[in-house]
Amino acid sequence: MERIDSTIAQQDYQLLSLAGGLSQFEVNKIYPTLKKSGAWHFCTIKVNNRRIYFKKYDGMKGYFDIKRGKVDTVSLNHIVVMRNGELLMGPCEDKDKYNI
């Protein structure tokens, strides 16, 4: 299991670095937070004004924002699961369109 997670993380790092336009330092800093929120194992990433839209291999879509070098908001399938870098106890609905 740990080996599979390592392989997935390596693929995600490459996608975030290349398609996401993030430096390796930024990716190292934000990836643990993304994984904690459920935003990982990406198959597609698209950047639009520092908002990074993604599609996961399990079919889920979403986005995350980076502010001041940290993950700010994470939305998965129109449910905000993280705000200000903190997991929400009661996720709330998100009506933003996903631009993937």
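Scanning segment 31-50 for residues that are touching a residue at least 24 places away in the same chain (Cβ under 8 Å), closer than 15 Å to THR73 by Cα and among the hydroxyl-bearing types (Ser, Thr, Tyr) returns THR33, SER37.
Every condition in (1) within 15 Å of LEU15 (Cα to Cα); (2) in contact with a helix residue (DSSP H, G or I) (Cβ under 8 Å, 6 or more places away or on another chain) is met by VAL74 except one, and the failing one is (1). Can LEU76 be described as open to solvent by 70 Å² or more (accessible area, probe 1.4 Å) and either touching a strand residue (DSSP E or B) at 6+ places or on another chain (Cβ under 8 Å) or modelled with pLDDT of 95 or more (or both)? No, not satisfied. When segment 79-97 is limited to residues that are within 13 Å of the chain's Cα centre (by Cα) and open to solvent by less than 60 Å² (accessible area, probe 1.4 Å), the one that is nearest to TYR31 (Cα to Cα) turns out to be GLY85. If you take the residues of segment 51-73 that are surrounded by 11 or more Cβ atoms within 10 Å (Cβ to Cβ) and over 12 Å from the mean Cα position of the chain (by Cα), which of them is farthest from SER23 (Cα to Cα)? Among them, the one singled out is TYR57.
Hey, can you tell me all the residues within segment 15-30 that are over 18 Å from LYS56 (Cβ atoms) and without any contact (Cβ under 8 Å) to a residue 24 or more places away in the chain?
SER23, GLN24, PHE25, ASN28
Among the residues making up segment 16-39, those that are open to solvent by less than 60 Å² (accessible area, probe 1.4 Å), closer than 21 Å to ILE4 by Cα and out of contact with any strand residue (DSSP E or B) (no Cβ under 7 Å at 6 or more places or on another chain) are SER17, VAL27, TYR31.
The values are calculated or read from the model by the stated rules, or taken from the named source; none is laboratory data. In this text, all values refer to a predicted model and were calculated from it rather than measured experimentally. Ideal geometry is used to build each Cβ from the backbone, glycine not excepted, and the neighbour counts take in all protein chains shown. Each accessible area value is taken on the protein alone, full model and side chains, heavy atoms only, with ligands, DNA and RNA left out. Shrake-Rupley method; radii C 1.70, N 1.55, O 1.52, S 1.80 Å.
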